[in-house]
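Values in this text are rule-based calculations from the coordinates and carry no lab data. Quick caveat, the model's predicted, so the values are computed rather than measured. Every residue, glycine among them, receives a Cβ derived from its backbone with ideal geometry; neighbour counts consider all protein chains shown.
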Amino acid sequence: MQLNESHERYWQKNLNITAILLGIWFVVTFVVAYFARELSFTFFGWPFSFWMGAQGALAIYVLIIVYYAGARRCRRNGGLIMAGLAGDSGGGNAFDAKSMTAFKAGLNRVYTFYTGGFLAFVIVLAILEQMGLSRSWIGFIFLLATIGLYAGIGIMSRTTDASEYYVAGRRVPALYNGMATGADWMSAASFIGMAGTLYL
């Protein structure tokens, strides 16, 4: 398919921003770890390389995601962030504003219920622990709750449409996509992988 001029400009800006952000990610993730001994100067009371592995890298990952998935049109160093780029691409949206608003409202409701439920779950477990519930039972409850949550998400989100299955019909707002990416990075990849790399 031949792209028109506006699409080509959009994708070129997209690729430029992606390359810059991947470069920052590479420096934060691998270069800091490689020069961990040399970067041992004190920063906020900790060796800089250790602080980067424990907190700094995660903060920079979040900033990368916020920048990439920003919701406002913004020019920075001559480039547009992703939401602004989407306006330049000349492409239409398959969903009208009313259906998008309804979808986002439902998504906000689900995330609110999930956040409240998670906080209530942690509080209940903390109370049960104070009442003498063993750690093994707490572990079992966490495991069963996680499996139950995933099963519930699968049941509620079931679909026979391929585009809905893979990308939720491309209706998920950038903020929620950014949170999903952040949750993925701020897990084993960062807390275990980064710490292990610095240790080596």
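First measure r as the distance between the Cβ atoms of Ala180 and Glu129, then evaluate 1/(1 + (r/R0)^6) with R0 = 35 Å and state the FRET efficiency to the nearest 0.05. The formula returns an efficiency of 0.70 here.
Computed from the Cβ-Cβ distance with R0 of 25 Å, the FRET efficiency linking Thr146 to Phe26 stands at 0.20. Our estimate of slack between Thr197 and Ser157, defined as 0.36 nm per intervening residue step minus the Cα-Cα distance, is 10.7 nm. Near the amide H of Phe43, within less than 5 Å, lie the amide hydrogens of Phe48, all on another chain or at least 5 residues away, with H placed in the peptide plane.
For the range 100-112, the Karplus equation 6.51 cos²θ - 1.76 cosθ + 1.60, evaluated at θ = phi - 60°, returns couplings of 5, 5, 5, 5, 5, 5, x, 5, 4, 5, 4, 5, 5 Hz by residue, with Gly and Pro reported as x.
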